[in-house]
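In what follows, a single structure is set out as structure tokens and then discussed.
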């Protein structure tokens, strides 16, 4: 029997077709983004990595601070779910399994939310957030990454580059170690005690915009995002890196963009205040 071989351009066309079929729309911004990984599979990886991270970490014993993190986190999470339901995506709204924990680490000013809703805040960022509204700026931004499926986009790009756009179901069965490594590479969770690798500048800016809307929907004044980022910028040792050398927007650019998007978020805040 003669073996049938597909020419390279045939595989290229199949890959392009896969990319077109796997594009999704990012909430609020409307940007088209690549989504090759089923949310259920990504959430499974996230739970595994989250559990490993919490085993290595020391959870804060400050009950008041922990309660604040969980309160603000769930308020933002409920806003994200409400937005999805109002957009007609009830199935995705119900897919998140939210969990917020406060990790004792005063040297780390960070927070993150994994795909599926598993989240951590480090005590080192509380000196910058100062109160619930400041914390809402941070968690609005991080929940926005999960809502926008930025993790899926990042892992999909890795899947496309490393495994040639192979369907994940096939990749998991044929290359299980490679797909697990893709998740670890995309997020850096296992290797660095829960500190995610930075998202792209586009995704960071997008999360800022979406986060403003989420915190406003949850009843937090989005205008407080400006002084929060100013505090972060003024206390950064050695100054921020040049924007072209960083995946994060320069703080001055970030603040300008936030001010630009405030008119979009403020009506949600006014509506929330009237409830």
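Values quoted throughout were computed directly from the atomic coordinates according to the rules given, and no laboratory measurement underlies them. These numbers come from a predicted model, not from an experiment. So basically every Cβ, Gly included, is an ideal-geometry build from the backbone, and we count neighbours across all protein chains shown.
A crude spin-label estimate for the pair residue 94 and residue 31, with each label 7 Å from Cα along the Cβ direction, gives 3.0 nm. Projecting label points 7 angstrom from Cα along Cα→Cβ for residue 271 and residue 56 puts them 4.1 nm apart.
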